[in-house]
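The next block holds one structure in the form of structure tokens; read it before the comments.
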Amino acid sequence: MMASDPIARPLSGIGQADIVFEMPVTPNGITRMMAVFQCEEPQEIGSVRSAREDFLTFVKSFDALYAHWGGEREALNKLDSGILDNIDGMKYEGTVFYRKNSKPRPHNGFTTLSLITEKAKELGYILDDSFPGFIRENIKIDRNLSNLVSMVSVDYPSPYDVKWVYDNDSGRYRRSRGGEIESDINNNDQVQSDVIVVMHTTSKFLSRDYISINTTGEGEAEFYQNGVRASGKWKNVADDLKFYDINGQEMTLVPGKIWIEIII
């Protein structure tokens, strides 16, 4: 789990994640991100933030190990019941997780994949990868005036608003947030992605500090790849997230990094 707050930017490791989920977690639109790592190992990951219940279904969908720093009550109750393997900074500060003086609390928590992996082994977690993956293929996408889109705007409230601008030369989308380029402090590179998925869903007010996002069931979705927009659906049944095109066939995504933007 990673912070979205302006004071935590730039983040460490966010540009090297294979998949990132981003969605609002408060009534005033503050977002939180969950970065999924497999292919690359960043030097450092942070700022690490708290567990949120609405992300847990995605963790289970990927059969992933969930690393977080504390969490809201319902999320921690489920994690303490053993629904999935997790490593909590509240329990392992000073060993797996550490704080840095360069940022104020609670935005100064960091870790590394090697520290997480070593603790997972110590705890007896199974590290085999059982996630079957999305359908990935270098497909030829039909381009016409009706589906060409050079910029994807995600209208979270400022300063959490996101823009992805397509770069024809690289075939990737470049990320800005709050009107500024989003870079990864580990390498100072602008965050890029090969596929942008926008998931539409609903939310429920819980309190001044929390909302509940509907991350199960199904809803409308847009898929952006190779500078082209396509419509379809997302479905998450029994903690198994999948994407479908307008014909009901599982969506084929080009290889590379994926950002999943969840909007309400």
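Please find, within region 89-126, the residue that is nearest to the chain's Cα centre (by Cα) out of those that are in a helix (DSSP H, G or I) and over 21 Å from Glu40 (Cβ atoms).
Gly89
Strands (runs of 3 or more DSSP E) wholly in region 207-264 with at least 3 residues that are touching a strand residue (DSSP E or B) at 6+ places or on another chain (Cβ under 9 Å) and of a type outside the set (Ser, Thr, Tyr) - which ones?
On the way: elements: 210-213, 217-225, 228-236, 241-245, 258-263.
It comes to 217-225, 228-236, 241-245, 258-263.
Return yes or no: is Ile139 over 23 Å from Ile30 (Cα atoms), in contact with a Ser or Thr (Cβ under 6 Å, 6 or more places away or on another chain), β-branched (Val, Ile, Thr) and not in a strand (DSSP E or B)? Break it down into steps so the answer makes sense when it comes.
Working: over 23 Å from Ile30 (Cα atoms): yes; in contact with a Ser or Thr (Cβ under 6 Å, 6 or more places away or on another chain): yes; β-branched (Val, Ile, Thr): yes; not in a strand (DSSP E or B): yes.
So Ile139 fits the description; yes.
Are there any pairs with C-beta distances below 6 angstrom linking a residue in region 32-55 that is within 15 Å of Leu79 (Cβ to Cβ) and aromatic (Phe, Trp, Tyr) to a residue that is assigned to a strand (DSSP E or B) and open to solvent by less than 20 Å² (accessible area, probe 1.4 Å), with the two at least 6 apart or on different chains, and if so which?
So the pair list comes out as Phe55/Met34.
Within region 144-154, count every residue that is within 25 Å of the chain's Cα centre (by Cα), in a loop (DSSP other than H, G, I, E, B) and over 17 Å from Gly232 (Cα atoms).
Residues that pass the stated criteria total 1.
Take the residues of region 30-41 that are closer than 20 Å to Ser130 by Cβ and in contact with a strand residue (DSSP E or B) (Cβ under 7 Å, 6 or more places away or on another chain): which is surrounded by the most Cβ atoms within 10 Å (Cβ to Cβ)? First the steps, then the outcome.
Residues of region 30-41 closer than 20 Å to Ser130 by Cβ: 34-39.
Right, trim to in contact with a strand residue (DSSP E or B) (Cβ under 7 Å, 6 or more places away or on another chain) and you get 34-36.
Working: Met34: 26, Ala35: 22, Val36: 16.
The extreme case among them is Met34.
Quick one: Asn108 ticks every box in (1) open to solvent by 60 Å² or more (accessible area, probe 1.4 Å); (2) touching a residue at least 12 places away in the same chain (Cβ under 8 Å) except a single one, so which number is it?
Status for Asn108: all satisfied but (1).
List every residue pair whose Cβ atoms lie under 6 Å apart, where the two residues are 6 or more positions apart in sequence or sit on different chains, the first residue falls within region 6-17 and is of a type in the set (S, T, N, Q), and the second residue, located anywhere, is assigned to a loop (DSSP other than H, G, I, E, B).
Ser12/Glu44; Ser12/Ile185; Ser12/Asn186; Gln16/Glu40; Gln16/Pro42
Given the options Lys235, Lys242, name the one that is open to solvent by 30 Å² or more (accessible area, probe 1.4 Å), in contact with a Phe, Trp or Tyr (Cβ under 7 Å, 6 or more places away or on another chain), within 20 Å of Pro132 (Cα to Cα) and modelled with pLDDT of 95 or more.
Details: Lys242 fails: in contact with a Phe, Trp or Tyr (Cβ under 7 Å, 6 or more places away or on another chain).
Being open to solvent by 30 Å² or more (accessible area, probe 1.4 Å), in contact with a Phe, Trp or Tyr (Cβ under 7 Å, 6 or more places away or on another chain), within 20 Å of Pro132 (Cα to Cα) and modelled with pLDDT of 95 or more holds for just one of Lys235, Lys242, which is Lys235.
Restricting attention to region 215-232, which residues are farther than 13 Å from Asp245 by Cα and in contact (Cβ under 8 Å) with a residue 60 or more places away in the chain?
Thr215, Thr216, Gln225, Asn226, Gly227, Val228 - these are the residues of region 215-232 that are farther than 13 Å from Asp245 by Cα and in contact (Cβ under 8 Å) with a residue 60 or more places away in the chain.
One line per residue, one yes/no per condition, for (1) of a type in the set (Lys, Arg); (2) surrounded by fewer than 21 Cβ atoms within 10 Å (Cβ to Cβ):
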{"residue": "Pro6", "(1), (2)": "no, yes"}
{"residue": "Pro10", "(1), (2)": "no, yes"}
{"residue": "Ile14", "(1), (2)": "no, no"}
{"residue": "Asn28", "(1), (2)": "no, yes"}
{"residue": "Gln43", "(1), (2)": "no, yes"}
{"residue": "Gly46", "(1), (2)": "no, no"}
{"residue": "Arg49", "(1), (2)": "yes, no"}
{"residue": "Lys60", "(1), (2)": "yes, yes"}
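Could you tell me whether any residue of region 199-206 is open to solvent by 40 Å² or more (accessible area, probe 1.4 Å), more than 13 Å from Ile262 (Cα to Cα), at pLDDT 95 or above and aliphatic (A, V, I, L, M)?
Taking every residue of region 199-206 in turn, none turns out to be open to solvent by 40 Å² or more (accessible area, probe 1.4 Å), more than 13 Å from Ile262 (Cα to Cα), at pLDDT 95 or above and aliphatic (A, V, I, L, M).
Within region 131-149, work out how many residues are over 19 Å from Ile258 (Cβ atoms), aliphatic (A, V, I, L, M) and surrounded by 10 or more Cβ atoms within 10 Å (Cβ to Cβ).
Looking only at that region, the number is 1.
Checking the conditions here, which among Ser176, Ser158 is touching a residue at least 12 places away in the same chain (Cβ under 8 Å), assigned to a loop (DSSP other than H, G, I, E, B) and within 20 Å of the chain's Cα centre (by Cα)?
Values: Ser176 fails: assigned to a loop (DSSP other than H, G, I, E, B).
Answer to the selection: Ser158.
For region 133-143, indicate whether the set of residues that are touching a helix residue (DSSP H, G or I) at 6+ places or on another chain (Cβ under 9 Å) and over 28 Å from Ala238 (Cβ atoms) is non-empty.
no
The values are calculated or read from the model by the stated rules, or taken from the named source; none is laboratory data. In this text the structure is predicted, and so the values were computed from the model without any measurement. Glycine also receives a Cβ, built like all others from the backbone with ideal geometry; neighbour counts cover every protein chain displayed. In case anyone asks, the SASA skips ligands and DNA or RNA and just uses the protein heavy atoms, side chains included. Shrake-Rupley method; radii C 1.70, N 1.55, O 1.52, S 1.80 Å.
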